[in-house]
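Engineer: Would you mind keeping the following structure in view while I ask a few things?
The values are calculated or read from the model by the stated rules, or taken from the named source; none is laboratory data. Predicted model, so just to flag it, every value in this text is computed and none were measured. Methodologically, a virtual Cβ is constructed for each residue, glycine included, from the backbone with ideal geometry; neighbour enumeration extends over all protein chains shown. The accessibility values were calculated without ligands, DNA or RNA, using every heavy atom of the protein model including side chains. Shrake-Rupley method; radii C 1.70, N 1.55, O 1.52, S 1.80 Å.
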Amino acid sequence: MIRVFLVEDHELFASGVRNELGQEFALVGHAASVAEAVAEIPKANPDVVLLDVHLPDGNGPEVVEALPDVRFLALSVSDAAEDVITVIRAGARGYVTKSISSPELANAIRRVHEGDAVFSPRLAGFVLDAFAGLTAPAIDPELDQLTPREKEVLRYIARGYAYKEIARELHISVKTVESHVGGVLRKLQLTNRYELSRWASERKLA
Amino acid sequence: MFRRSATDRVLTGVAGGIGERLEIDPVVVRLGFVILTFAGGVGLLLYVAAALVSRRPDLDNPPPPPKTSTRQAVAIALVLTGVLLALRGVGLWLGDGVVWPAALVVLGSAVIWTRGDEATRARWLARMPGWIQDEAESHPRTRTLVGALVIALGAWAFLSSNPPLDLFDNTPLAVGTVLVGTAVIAGPGVWRLIRQVSDERRERIRQEERAEMAAHLHDSVLQTLALIQRTEDPSEMVALARGQERELRTWLYGKTKPGAEGSLSAALDAVAVEVERAHRTRIEIVMVGDCPLDDGIRALVHACREAFVNAARHSGARGVSAYVEVEDDLVTAYVRDQGIGFSRSTVSSDRHGIAESIEGRMERNGGVAVIESSPGRGTEVRLRIARSRAT
């Protein structure tokens, strides 16, 4: 059974998740603040950490940065570009909103456990928007641009297609879809184009 | 290392940060740097070094302003004297006639401007005879008086210990010394006053924001919650909650781009809200880019609306998702549901929804509409239209 740790300060939501996932996953711990999460997660040794982006004593990205060897799936009601991009850039393997259905959430946890990336339609839209808005020439084309294929896959995700459906549409295997999404995640995390952060904060201010 | 102070800063917040770290008054730290600067510029070097090794301020958790106990003050004075003597021995020195008067001036300034520890003072006072206690009641004035005297003494010592610069032959120097003395006596007070005024302004802004937030929540969220409690129909509750969520989100995170009025994203949002209300469904729109409305774009918005309504009415799916991408010369939209789907041949030809409102409308405006659906696999409406050159 996959070991899941929950970082969530909203007690109502936390107990909901426990009820929904308790059958299928081993829930090995629960923290309600950044300090608690950083202290407890290494002890519980989970496979996947479900992480709320907003916590009372700080934000999700701090937890992600403090524990680089842990796999995080970010979970939030926010949908604000800055929150989404920041937690992914900090190292989270995926981002889903709290309105996600429980089978979909279970699926996302399994995917993160297998080392894949999980993109919600909105995150895919943000990434397309962010890379489309980059005006300066790429310094490192390997990291600073999306390939046409990656863009295509992201567009399907933004349209609400599951990986399986994307694979069928593009006549490629699900594994290939996964590797494209993984490639996008890597670029998103490693590119040091400052415009990406600026883009996110502008979206927030505007 | 230590963090520079975000709240207590004159130049870079280094002294404020050291003060917070050591829990002594930053004024003392600042004066320490000043007096050490007279010793061959050592203070200046130390300040630059401290600025380099310090970390940027922690904006989220500013520490409380530190107080200095009398014991700490004496200890710091002794340490500083010791350091000065050591530097004098090494030869980093501007001369006895400059440094010792400057030290006196600094001491006076410290007497006037450091914030004392109230608890310690109360303990001390309790052991004092009555007339000293009375005196301490009017304490700020006494402090200022003593400090000013010490500073004046320093200024006098400076002038008299530099005989070549005779007082009467060198009026500019005398005037300069008096000015510096006055600045040292009054300067920190003026500085503190300015900070106090700006603190008050910040607090007022914060209060206004809080009031605005409360007013908004009252007009929107509380009203909706009251409505939900009075509603019997679960689907009505969902619709109310969903409408409120959308409204609150827009208010909290703002629109994606400035000047959203009259833009494609605003028009789509308005259409989505309308259809959600009327048909009790959930519409998620993901947008990449945005553009102003023109005839072609308006046709696309209407076609999207028709697709939303069809999905809500006929698909049986929980929600509808839309993806809209604006490129330099082209706008593409995909409206998708994962409902029951349909096959074109089973839809009677007198139903105008798809043929007229979606395909016809797009074609008349030079666009394309493709509808892909099969029973059991949901429906996707794909729309494409060129952007007019004028924009």
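Engineer: Across bins of 5 angstrom width beginning at 0, how are the C-alpha pair distances of the range A:149-195 distributed, in whole percent?
Structural biologist: 5, 23, 31, 19, 11, 7, 4, 0
Engineer: Out of the GluC sites (Glu not before Pro) in the range A:42-111, which ones are loop residues according to DSSP with at most 14 other C-beta atoms within 10 Å? Mind dumping the intermediate values first?
Structural biologist: Numbers: sites: A:E62, A:E65, A:E82, A:E104; in loops: none.
Answer by residue number: there is no such site.
Engineer: Here is a follow-up. Taking both sides together, what accessible area is buried at the B/A interface, probe 1.4 Å, expressed in Å² and rounded to the nearest 100? Don't jump to the answer; show the numbers that get you there.
Structural biologist: Numbers: alone 23970 and 10010 Å², together 32060 Å².
It comes to approximately 1900 Å² buried between B and A.
Engineer: So if R0 is 45 Å, what FRET efficiency would A:K175 and B:R210 give, r being the distance between their Cβ atoms, rounded to the nearest 0.05? Don't jump to the answer; show the numbers that get you there.
Structural biologist: On the way: r = 52 Å, r/R0 = 1.16.
Step by step, r from the Cβ atoms, then E = 0.30.
Engineer: Now, a different point. Percent of Cα-Cα pairs more than 20 Å apart in the range A:30-111, please. Before the final figure, lay out each step's value.
Structural biologist: Details: 859 of 3321 pairs.
Roughly 26 percent, rounded to a whole number.
Engineer: Bin width 5 Å, origin at 0, all Cα-Cα pairs of chain A: what percent of pairs per bin?
Structural biologist: Whole-percent P(r) values from 0 Å outward: 1, 7, 16, 20, 20, 16, 11, 6, 2, 0, 0.
Engineer: Still on this structure, I have one more. Please build a GNM for chain A, connecting alpha carbons under 10 Å apart, and tell me which residue among A:D83, A:D116, A:D129 fluctuates the most.
Structural biologist: Most flexible of the set in this elastic network: A:D129.
Engineer: Additional query: Can you list the equivalent-ellipsoid semi-axes of the range A:9-50, largest first and in whole Å, using the square root of 5 times each Cα gyration tensor eigenvalue? Could the numbers behind the result be given before it?
Structural biologist: Values: eigenvalues 63, 40, 7 Å².
Semi-axes from the Cα gyration tensor: 18, 14, 6 Å.
Engineer: Related question: Among A:G16, A:V153, A:G115, whose Cα sits farthest toward the positive end of the charge dipole of chain A (+1 at Cβ of Lys/Arg, -1 at Cβ of Asp/Glu, about the Cα centre)?
Structural biologist: Farthest along the dipole direction, towards plus: A:V153.
Engineer: What is the packing order of peptides A:23-33, B:303-313, taking the mean over residues of other C-beta atoms within 10 Å and listing the highest first?
Structural biologist: Highest to lowest by the protection proxy: B:303-313, A:23-33.
Engineer: What is the average number of partner chain Cβ atoms found within 10 Å of a Cβ in A:118-129? Present the calculation step by step, with values, prior to reporting the outcome.
Structural biologist: Details: counts 0, 0, 2, 7, 6, 1, 3, 8, 2, 1, 6, 8.
Mean partner shielding for this stretch: 4.
Engineer: Treating only the Cα positions of the range B:181-304 as identical point scatterers, give the base-10 log of I(q)/I(0) from the Debye formula at each q in 0.18, 0.20, 0.22 Å⁻¹.
Structural biologist: Computed log10 I(q)/I(0) values: -1.05, -1.15, -1.23.
Engineer: Tell me the Kirkwood radius of the range A:44-161: reciprocal of the mean inverse pair distance over distinct alpha-carbon atoms, in Å.
Structural biologist: On the way: mean 1/r = 0.0665 Å⁻¹.
One over the average 1/r among Cα pairs gives 15.0 Å for the range A:44-161.
Engineer: Continuing with this model, one more query. When all alpha-carbon pairs of the range A:68-123 are counted, what percent fall beyond 15 Å?
Structural biologist: Cα-Cα pairs of the range A:68-123 separated by over 15 Å account for 40 percent.
Engineer: When you look at the Cβ of every residue in A:153-166, what mean number of other chain Cβ atoms sits within 10 Å? Each step should come with its number before you reach the end.
Structural biologist: Details: counts 0, 1, 5, 2, 2, 9, 12, 14, 6, 1, 0, 0, 3, 0.
Going residue by residue through A:153-166 and averaging, the value is 4.
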